[in-house]
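*Asks:* Below is the structure I would like to discuss, written out as structure tokens.
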Amino acid sequence: MTSFIFLTFLFISSFGQSEIELPIKEQFDVVTMEWIDKSEYLKTYSGINEYCQNPVFRKSVDRVLTSIHQYDSLIISTLNDPTAYFNWDAKEERKTLSDIASMETGYSTHAFIDKMRDACIFRNEIESNAKNLRNGVGYESYDAKIVLLETDVIRYLNKIDKLVVKINDHLHVLDIDLSQ
């Protein structure tokens, strides 16, 4: 019996060690693509609806954005580490830190949640007045309100998308590998 437990433990521990960990650049590539996919869906009224009504989807979107911010923090700490010596281009390093600062201040997870909360409130107003708005014309119509909401969300998400892609590009140009 003891040998069975030992062999089971040995198998499990060797299986865990055989997993290959991706380099940070590839991990950030995966998170970037995941964000872009979720962002593209959120730019539609059906995506906004799902974010507002489905807590599982909402948490998955928030989780991806939180992951991006965690990687940003790792990149900042690596770039600011005085004990590390790397041959990074100083200009590229400054641009990276500037883009990360923009992401961390203007587009934090908290700011994103606040923005989407406002979008959900506006969406709820649209849906609660849908009957009256469907009879409206021009700016006061149901479709116009949806376009207004989508446009606001699209503008906000495009800024986040642009920063995430720029940070990903910086990560590849600087060739940062945090596993060392």
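*Asks:* Closer than 30 Å to residue 24 by Cα, among the hydroxyl-bearing types (Ser, Thr, Tyr) and in contact with a helix residue (DSSP H, G or I) (Cβ under 9 Å, 6 or more places away or on another chain): does that describe residue 156?
*Replies:* Criteria met by residue 156.
*Asks:* Can you find, within the range 77-89, the residue that is modelled with the lowest pLDDT among those that are loosely packed, with under 13 Cβ neighbours inside 10 Å and either in contact with a helix residue (DSSP H, G or I) (Cβ under 9 Å, 6 or more places away or on another chain) or not charged (D, E, K, R) (or both)?
*Replies:* Among those residues, the one meeting the criterion is 85.
*Asks:* Considering only the range 64-76, I want to know if a residue exists there that is at pLDDT below 85 and loosely packed, with under 14 Cβ neighbours inside 10 Å.
*Replies:* no
*Asks:* A further question on this structure: Out of the range 145-176, which residues are among the polar types (S, T, N, Q) and more than 18 Å from the chain's Cα centre (by Cα)? Steps first, answer last, please.
*Replies:* To start, the set of residues in the range 145-176 that are among the polar types (S, T, N, Q) comprises 151, 158, 168.
Listed by number, the list holds a single entry, 151.
*Asks:* Which of the residues that make up the range 30-43 are without any contact (Cβ under 8 Å) to a residue 60 or more places away in the chain and touching a Ser or Thr at 6+ places or on another chain (Cβ under 9 Å)?
*Replies:* 31, 34, 38
*Asks:* Can you report the number of residues in the range 128-160 which are of a type in the set (D, E, K, R), farther than 30 Å from residue 101 by Cβ and surrounded by 14 or more Cβ atoms within 10 Å (Cβ to Cβ)? Let's see the steps before the verdict.
*Replies:* Pass one, the range 128-160, residues of a type in the set (D, E, K, R): 131, 134, 140, 143, 145, 150, 152, 155, 159.
Filter once more, keeping what is farther than 30 Å from residue 101 by Cβ: 131, 134, 140, 143, 145.
Cutting the leftovers down to surrounded by 14 or more Cβ atoms within 10 Å (Cβ to Cβ) gives us 145.
Number of matching residues: 1.
*Asks:* Across the range 44-57, what is the total count of residues that are assigned to a helix (DSSP H, G or I) and either without any contact (Cβ under 8 Å) to a residue 40 or more places away in the chain or of a type in the set (S, T, N, Q) (or both)?
*Replies:* Going through the range 44-57, the residues assigned to a helix (DSSP H, G or I) turn out to be 45-53, 55-57.
From what is left, the residues that are either without any contact (Cβ under 8 Å) to a residue 40 or more places away in the chain or of a type in the set (S, T, N, Q) (or both) are 46-47, 49-50, 53, 55-57.
Residues meeting the conditions: 8.
*Asks:* If you don't mind, there's one more thing I want to ask. Taking the options 39, 60, 46, name whichever one is at pLDDT 90 or above, loosely packed, with under 12 Cβ neighbours inside 10 Å, within 30 Å of residue 125 (Cα to Cα) and small (Gly, Ala, Ser).
*Replies:* 46
*Asks:* Could you give every pair whose Cβ atoms fall below 7 Å, whose first residue belongs to the range 139-166 and is modelled with pLDDT under 95, and whose second residue is not in a helix (DSSP H, G or I), counting only separations of at least 6 or pairs across chains?
*Replies:* 142/136
*Asks:* With respect to the numbered conditions (1) surrounded by 15 or more Cβ atoms within 10 Å (Cβ to Cβ); (2) over 30 Å from residue 169 (Cβ atoms), which one is the sole condition not fulfilled by residue 100?
*Replies:* (2)
The values are calculated or read from the model by the stated rules, or taken from the named source; none is laboratory data. Keep in mind it's a predicted model, so treat the numbers as computed, not measured. Quick reminder, even Gly has a Cβ in these numbers, built from the backbone with ideal geometry, and neighbours come from all protein chains shown.
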